[in-house]
Every structure is written in C-alpha cells, then in structure tokens.
Amino acid sequence: SDSSAEGRRKDLSGPAIVELITSSTKLRDAKVVAAMTVPDERALIEALLVERCSDSDVIITTGGTGFAARDVTPEVGLATIDVVDRRCSGLEVALHSHSLAATPMAALSRAVAGIRGKTLIVNFPGSVKAVKVIFE
C-alpha cells in the first residue's frame, strides 16, 4: 500500500496475518521470517517476491487485490502471475469460495495463488476482516 509504506496509514492486515500465523495451533512449526510494507510498485513487488522465494516456503501478500488504480499485486509485471511458475487455481477457488460465504464483496477480489520453485505465493485481500475469514 502506498499510504502505509509512506507512513500515512497504519498497516493492519500485515500484522494480523503475522498474529494469526504465530498463534495458530495448526502451524506450530511455522515462523515468520520477514514482514514488510511496500508501495504499489510493480517492479518492486515482483523483485521482492523473486528475492524472498529463495529462502521461503510460503509468501503471503496482503492488499492490492482490488480494483483501485494502484492495486497491482496480482498483476505486478503481472506480478504474482508473472513470478509464479504454476498457478494454484484450486487454492484460488477455495479462497474465493470461503470469502464469498462471508461477504458478496469477495467477488471483487483478484487474489492469486501459485508456486515459484518450491515456494507457495498467496495474495490475501487488504482488509483485516477478509484476512481473518480466509485464514481461519
């Protein structure tokens, strides 16, 4: 998010994901290696995804999945789409279906999931509520 990266707005969904991961009884062995807030810049997001894939099993992004002019996370260079070797269409459908059960607004999400090398990349929406619905 541009506004969060510039410090004009507090990032709430990123810390929510970190909290959900670290407090999960199902993910006892999971550890968060890095958490960062970046502007909606395609080249930057794509470069960070590629870089983090070298030492991560899973990358979860949050935000940038809607239709605002600067929401570019799914596309980033076609970001996630261009970075992954293979799409996880079943996971994408599951995420959307689960979200749609909570709110019809989930139909407007463009969340993407895929594999790059041995790393799973999943785009979550930017709202804390949506993050909690999807994660749980």
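The values are calculated or read from the model by the stated rules, or taken from the named source; none is laboratory data. Please read these numbers as outputs of a predicted model, since none were measured by experiment. When we count neighbours, we look across all protein chains shown, and the Cβ atoms used for this are built from the backbone with ideal geometry, even at glycine.
Quick notes
- Inspection of segment 121-130 identifies no residue that is over 16 Å from T62 (Cβ atoms), among the aliphatic types (A, V, I, L, M), surrounded by 15 or more Cβ atoms within 10 Å (Cβ to Cβ) and more than 11 Å from the chain's Cα centre (by Cα).
- Residues of segment 102-127 that are within 18 Å of L48 (Cβ to Cβ) and not aliphatic (A, V, I, L, M): G114, R116, G117, K118, T119, N123, F124, G126.
- Verdict on S99 being at pLDDT 90 or above, out of contact with any strand residue (DSSP E or B) (no Cβ under 7 Å at 6 or more places or on another chain) and of a type in the set (S, T, N, Q): yes
- For segment 88-135, residues that are of a type outside the set (K, R), in contact (Cβ under 8 Å) with a residue 60 or more places away in the chain and in a loop (DSSP other than H, G, I, E, B) total 4.
- Some residue of segment 93-116 being surrounded by fewer than 19 Cβ atoms within 10 Å (Cβ to Cβ), over 13 Å from the mean Cα position of the chain (by Cα) and among the basic types (K, R): no
- Restricting attention to segment 1-23 and to residues that are touching a residue at least 24 places away in the same chain (Cβ under 8 Å) and of a type outside the set (A, V, I, L, M, F, W, C), the residue that is nearest to A130 (Cα to Cα) turns out to be S13.
- Where helices (runs of 4 or more DSSP H) fall entirely within segment 1-83, those with at least 1 residues that are modelled with pLDDT of 90 or more are at 13-23, 42-53, 79-83.
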